[in-house]
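**Q** Pasting a structure below so you can have a look.
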Amino acid sequence: MLSAIALAATLQATPPANPVASDATSIAAGKKLYASNCASCHGDTAQGDGRAGKQLNPPPPSLVDATWIHGSSDGEIFLVIRDGVKDTGMKSFGSRMTTHQIWDVVNYLRSIGPDSASTPR
């Protein structure tokens with residue numbers, strides 16, 4: 001039997017699977033959430049060129065690239081949005097968005113990526 005600490009470490013090491021269907025409703029909701037929570041840093045087209053992002057070091061990355069430095073699977077992207085990234089300007093949105101809303105943003109980002117069919121999910 002795993003201890004609570006070992007179980008937490010195991011769960012943290014395995015990114016969650018995306019439980020939200022990537023349909024038009026989810027993508028539209030994610031687009032609205034992106035515009036109000038992410039575009040100021042990552043830019044309107046997710047190229048990493050938002051006005052607020054110009055003040056950050058390191059600067060925010062493009063979110064339309066096929067691979068991301070902090071992980072490219074849906075679960076890894078979810079964790080970055082939910083938990084933020086230490087020592088960067090990427091703050092946690094876990095208290096600002098519901099779990100479902102974060103998955104909607106993940107689905108939106110997938111919809112604007114270079115080739116969503118070939119990107120790890």
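**Q** Peptides 24-37, 47-60, 97-110, 69-82: what's the order by average Cβ count within 10 Å, highest mean first? Let's see the in-between values first.
**A** On the way: 24-37: 16.4, 47-60: 14.6, 97-110: 20.4, 69-82: 18.2.
Peptide ranking by packing, descending: 97-110, 69-82, 24-37, 47-60.
**Q** On the protein heavy atoms, probe 1.4 angstrom, tell me the percent of accessible surface of region 27-121 carried by carbon and sulfur.
**A** Details: 2710 of 5270 Å².
Summing carbon and sulfur atoms, their accessible area is 52 percent of the total for region 27-121.
**Q** I'd like the Karplus ³J(HN,Hα) series for region 20-27: coefficients 6.51, -1.76, 1.60, θ = phi - 60°, whole numbers in Hz, and an x wherever there's a Gly or Pro.
**A** For region 20-27, the Karplus curve yields 9, 4, 7, 10, 4, 5, 5, 5 Hz.
The values are calculated or read from the model by the stated rules, or taken from the named source; none is laboratory data. The structure displayed is predicted, hence computed values, not measured ones. Note that we place each Cβ from the backbone using ideal geometry, even for glycine, and neighbour counts take in every protein chain shown. What goes into the accessible areas is simple: the full protein's heavy atoms, side chains included, and nothing from ligands, DNA or RNA. Shrake-Rupley method; radii C 1.70, N 1.55, O 1.52, S 1.80 Å.
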